[in-house]
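Enquirer: Before we start, here is the structure in question, set down as structure tokens.
Any read-out appearing in this document is the output of simple, stated calculations on the displayed coordinates, not a laboratory observation. Fair warning: this is a prediction, and the values are worked out from it, not measured in the lab. Positions of Cβ are backbone-derived with ideal geometry, glycine not excepted, and every protein chain shown enters the neighbour counts.
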There are 2 protein chains.
Amino acid sequence: MRKVTIIDVARKAGVSLTTVSRVSNNDTKKHMRKETKERVLRVIKELDYTPNKYARFMKRQKSGVIGVLVPDISDQFFSLMIRGIENISYQNGYSVVICDADNSLEKEKKYIRILLKEMVEGVILTSSGIENEKVKKLTKERIPVILADRKLKTGDFPYVGSDGVKDSYILTKYLIDLGYKEIGFLKGPSEVATATERFKGYIRVMEQNKLIINENYLKQGDYTFQSGYLAGKEFVNLTKLPQAIIAANDLMAVGIIRALEEKGLRIPQDIGVAGFGNIPLSSLVKPKLTTIEIPAYDIGREVALILLSHIKRKRKRIKTKIMDTKLIKGESCKSLK
Amino acid sequence: MRKVTIIDVARKAGVSLTTVSRVSNNDTKKHMRKETKERVLRVIKELDYTPNKYARFMKRQKSGVIGVLVPDISDQFFSLMIRGIENISYQNGYSVVICDADNSLEKEKKYIRILLKEMVEGVILTSSGIENEKVKKLTKERIPVILADRKLKTGDFPYVGSDGVKDSYILTKYLIDLGYKEIGFLKGPSEVATATERFKGYIRVMEQNKLIINENYLKQGDYTFQSGYLAGKEFVNLTKLPQAIIAANDLMAVGIIRALEEKGLRIPQDIGVAGFGNIPLSSLVKPKLTTIEIPAYDIGREVALILLSHIKRKRKRIKTKIMDTKLIKGESCKSLK
DNA sequence: TTGTAGGCGTTATCAA
DNA sequence: TTGATAACGCCTACAA
């Protein structure tokens, strides 16, 4: 069954292809008889005609595709974000090409090249640590790049996501208000912006409240469950435990809990644990995690909207949007008073 | 910065575009001087030329895109599967368009239409219950369709996934061998093939072993955590509990565990629980789930390979591949002997 | 208000 | 062994 082309429509409607093209593109500049327009519209519907996007590209040099580059699509945070992106994109007639960098810098670079070849009109980037250099390559080709969830070390690309410092500030403050004084922190990977921001917020509140930051209570993780579990084991080996531990993300927090429980410690009676993200796992785990909810789906929608506004060169090109987050008072921390 | 075209290459190499085209497509039918070929190849590399895929489509009428339609990309099983699909696809120069049906039949139909407009060369379908009718529409357009993980009620489309009956057979048999006799079952949604197959396998083993299937021990769920939790509550309200409960997937199994624990029951001391899937959550939960591992990533790779073989009309067009699964002996069931 | 014609970058057919 | 040329389906400047 051959595809319907603009010629089929033109023939059936008894007009030239130009007229059909104008109707299907809703060309308002040219005036045309209402009757003609309606007739063409009817035939378009009858034949179920849609312009061939590849042919259209030839003239317009616009692909109608945007690229999304994430570290790991099987991380639910990112898959939710992608759902948000797709939602907005399809509504606006854009398709989405997703690239999973597999947490590898190598693949990330490779995909930047692929996206260029795909002639995407814009890129949404959540980097696992790519250098600015490579990203600049995109902007040099006049392809707008918006960062989602994770900022880059340098450069001032538009960004949509939460304010990690503020989030951490709120969470740490909440623990302090509950009565916790000796609070440890499990850091995330140093090349990821959210990780460093969250650590910074923690430090800031601790200092503001004149609380001592014990070096032994600071550990390094990489955002995986496993690294949380290992850090948890390190914690229980200390001669004296902190009263609570904040992990830079939920997955590590769950890992910590598992390690602590294995040693017979009870959460939150013996020690409090908190994380960031409020990933679905966080409420399925027992005890439910105290955490900061980051609205992945909404971030996806916002970042797509902003990218499209850049692509379409709308006058108000928004640069950055900090999303509201929400403190989830789970069961993994309790009032000490 | 303008894109390099075939003309730029031709000019720089001092040959015609035809020659460049032949080199870049590795046309083996036509013989050409080795020297010419090498020169062109060098220029292609120098200029970093890649054929414009949109222009190429115009001639070939092949988009180089395959479509993937899943019920929910934020379900880790599907996102892992997608990773497998993308892995193979990119290796073969194909891009992937992902459609998230959001577990809705309505959207599923809509996306079938979109995929047709996108002129995908093939479709990988994991249906949340679409009618055969709609899928036939695709095959009528000569677009190959391969089912992943979930079969359709009717029609004999190629399929890649596990054998739900067999999986369930193995799991149930394992419980029986442990000494369990009164085994309940929480069913999944009736329109999903894996759910009905797993129930069938359970029934079969129970009957073969002359074990009574107590109607009160059969409940209906919909694959969500919530439905597992609710079913768990129904179970504890029974005057007499079964010795073990099998849920048609892991998420529901975890829900059951949560409900049972809330009533003070201990797993596996008081009652055993098992599921299907071995999703990452299953090993993060306590106790670790007894379950059947379904290799999502490998299913993705296999289904992509098979789809590509159909697209390329290779001689050996594989129809179906049943993937090996693995019994995970977790801690949520124990030997009663 | 509507139509004609040229060209976007590529590949395939035919000719040289 | 290589090259000229006609499509592929659409959009748009220009013509009518």
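Enquirer: What average count of beta carbons from other chains do you get within 10 Å of the Cβ of residues in B:72-79?
Expert: 6
Enquirer: Which distance in nm do the two modelled labels at B:LYS134 and A:LYS153 give, with both placed 7 Å along the Cα-to-Cβ direction?
Expert: For B:LYS134 paired with A:LYS153, the spin-label model returns 4.7 nm.
Enquirer: If you rank B:THR196, B:THR291, B:THR139, A:THR194 by fewest surrounding Cβ atoms within 10 Å, what's the result?
Expert: Exposure proxy ranking, most exposed first: B:THR139, B:THR196, A:THR194, B:THR291.
Enquirer: Which of the lysines could a cross-linker span from A:LYS134 if the Cα-Cα distance has to be under 20 Å and same-chain partners fewer than 8 positions apart are dropped?
Expert: A:LYS107, A:LYS109, A:LYS110, A:LYS117, A:LYS151, A:LYS153, B:LYS3, B:LYS45
Enquirer: Here is a follow-up. Can you list the distances in nanometres, one decimal and ascending, from the B:LEU336 label point to the identical position in each other copy, with the point 7 Å along Cα to Cβ?
Expert: Computed spacing set for this position: 4.8 nm.
Enquirer: Something else about it: Below 8 Å, C-alpha to C-alpha, sequence gap of six or more: please give me the relative contact order for chain A in percent.
Expert: In percent, rounded to a whole number, it is 16.
Enquirer: Sort B:THR18, A:THR28, A:THR325 by Cβ crowding within 10 Å, fewest neighbours at the top.
Expert: Working: B:THR18 12, A:THR28 7, A:THR325 22.
Fewest-to-most Cβ neighbours within 10 Å comes out as A:THR28, B:THR18, A:THR325.
Enquirer: May I pose another question? Report the label-to-label distance for B:ARG266 and B:SER190 in nanometres (one decimal), using points 7 Å from each Cα along the Cα→Cβ vector.
Expert: Inter-label distance under the simple model: 4.0 nm.
Enquirer: Got the A:GLY179 label distances to the other copies yet, label 7 Å along Cα→Cβ, in nm, shortest first?
Expert: 4.5
Enquirer: If I model a spin label at B:ASP163 and B:GLU331 as a point 7 Å from the Cα along the Cα→Cβ vector, what separation in nanometres do I get?
Expert: 3.3 nm
Enquirer: For the range A:203-289, state which trypsin sites (Lys or Arg not before Pro) are in a DSSP loop and have at most 10 other beta carbons lying within 10 Å of their beta carbon.
Expert: Filter output for the range A:203-289: A:LYS210, A:LYS240, A:ARG266.
Enquirer: Calculate the mean, over all residues of peptide B:93-100, of how many other protein chain Cβ atoms lie within 10 angstrom of the residue's Cβ. Kindly include the intermediate steps, with their values, before the conclusion.
Expert: On the way: counts 0, 0, 8, 3, 6, 10, 4, 6.
Per residue, the average neighbour count from other chains is 5.
Enquirer: Need one word for the protein assembly as shown: rounded, prolate or oblate. Basis is the Cα gyration tensor (sqrt eigenvalues a ≥ b ≥ c); a/c below 1.5 gives rounded, then a/b vs b/c decides.
Expert: Values: a/c = 2.02, a/b = 1.38, b/c = 1.47.
Oblate, because a/c is 1.5 or more while a/b does not exceed b/c.
Enquirer: Measuring from a point 7 Å out along Cα→Cβ, what nm distances, shortest first, does B:GLU234 have to its partners in the other copies?
Expert: 4.7
Enquirer: Please tell me the relative contact order of the range B:6-59 in percent, rounded to the nearest whole number, where contacts are Cα pairs under 8 Å and at least six residues apart.
Expert: It rounds to 40 percent for the range B:6-59.
Enquirer: Over all residues in A:47-56, what is the mean tally of Cβ atoms on other chains that come within 10 Å of each residue's Cβ?
Expert: Neighbouring Cβ atoms belonging to other protein chains average 4 per residue here.
Enquirer: Rounded, prolate or oblate for the range B:6-59? Axes are the square roots of the Cα gyration tensor eigenvalues, ordered a ≥ b ≥ c, and the cut-off for rounded is a/c under 1.5.
Expert: Taking the square roots of the gyration eigenvalues as a ≥ b ≥ c, the range B:6-59 is oblate.
Enquirer: Lys/Arg Cβ at +1, Asp/Glu Cβ at -1, dipole of chain B taken about the Cα centre: which of B:VAL23, B:ILE114, B:SER128 is farthest positive-ward?
Expert: Farthest towards the positive end: B:VAL23.
Enquirer: For B:LYS187, list the aspartates and glutamates whose Cα falls under 13 Å from its own Cα; do not include residues on the same chain fewer than 8 positions away.
Expert: B:GLU197, B:GLU215, B:ASP222, B:ASP250
Enquirer: Another question, then. Could you line up B:ARG198, A:ARG60, B:ARG313 from fewest to most neighbouring Cβ atoms inside 10 Å?
Expert: Numbers: B:ARG198 30, A:ARG60 11, B:ARG313 8.
The most exposed by this proxy come first: B:ARG313, A:ARG60, B:ARG198.
Enquirer: With a ≥ b ≥ c taken as the square roots of the eigenvalues of the C-alpha gyration tensor of chain A, please select rounded if a/c is under 1.5 and otherwise prolate if a/b is larger than b/c or oblate if it is not?
Expert: Judged from the Cα gyration tensor, chain A comes out prolate (a/c at least 1.5, a/b above b/c).
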